[in-house]
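Working notes, structure below.
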Amino acid sequence: MNKPFRIAMLGKQGAGKGTQCSRISEQFQIPHVSTGDMLRSAVKAGTEFGLRASEFMERGDLVPDEVIIGAVVERLSQDDAVNSGYLLDGFPRTLAQAKALDSAIDQAVKLVINLEVATDVVLERLSSRRVCEGCGRTYSVSNPPTSPWHCDTCGGDVVQRADDKPEAISRRLALYDELTSPLIGWYSEKGILVTVEGSGDLDIVTSNIVKAIHSVEA
Ligand SMILES: [Zn+2]
């Protein structure tokens, strides 16, 4: 693929999208656009967008399209994304979002990576995840901060997010399957979907994603 690199990464929460997107974003020098991070910082800052979104997130529900699409389109219109491209993490999640994105921006997605991880693997990863309330750094039950449970980076409280509790996880995974299947089908028909197995060694997963990016000719 040539610059601008315009990529979307799909995968269940807990599939490792965040980690892989950080690596790819660094290697290809493209903005990592995470709707989850955008939402959480809006919730924390108490913006109108954040307040609307938080009602849904606390229940483990997806934030409705109209709440999120405006924020994403605005981000993708900024200079860095126009010039270098973007790596979408956690968006689109539904066929309606994908179609809305397609019609709202001129810079269409060139490659969609479907990071595939089995549901039971994801369930175990998510229920052991702990996150710093201060800076967002991620830990797990098996990889705690040096002084439990205060962040090594900023000293903030390290907690289990409300949407990582088992009931919220189960709801989210069921929703994911229901909403993403048509999305995967749609991108597949367009010929821009590549599925990458995401449960193995992190470096191997990264190198398979890099191969997929290099395989795109546009
Ligand atoms: Zn922290």
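Around residue 1, with a cut-off of 12 angstrom between Cβ atoms, what is the net charge of the other residues, counting Lys and Arg +1 and Asp and Glu -1?
Here the count lands on +3.
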Exercise. For region 136-218, what does the equivalent ellipsoid look like in terms of its semi-axes, each the square root of 5 times an eigenvalue of the Cα gyration tensor, given largest first in whole Å?
Worked result: 33, 21, 10
For this session: Mind grabbing the base-10 log of I(q)/I(0) for the chain at q = 0.09, 0.14, 0.18 Å⁻¹? Debye formula, identical points on the C-alpha positions, no solvent, two decimal places.
Result: -0.35, -0.90, -1.53
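Per residue, how much accessible area does the chain show when a 1.4 Å probe rolls over the protein heavy atoms, in square angstrom? Don't jump to the answer; show the numbers that get you there.
On the way: 10780 Å² over 218 residues.
It amounts to 49 Å² per residue over the chain.
The values are calculated or read from the model by the stated rules, or taken from the named source; none is laboratory data. Quick caveat, the model's predicted, so the values are computed rather than measured. Using ideal geometry, Cβ is built from the backbone for each residue, glycine included, and neighbour counts are taken over all protein chains shown. Just the protein is used for accessible areas: all its heavy atoms, side chains included, with ligands, DNA and RNA removed. Shrake-Rupley method; radii C 1.70, N 1.55, O 1.52, S 1.80 Å.
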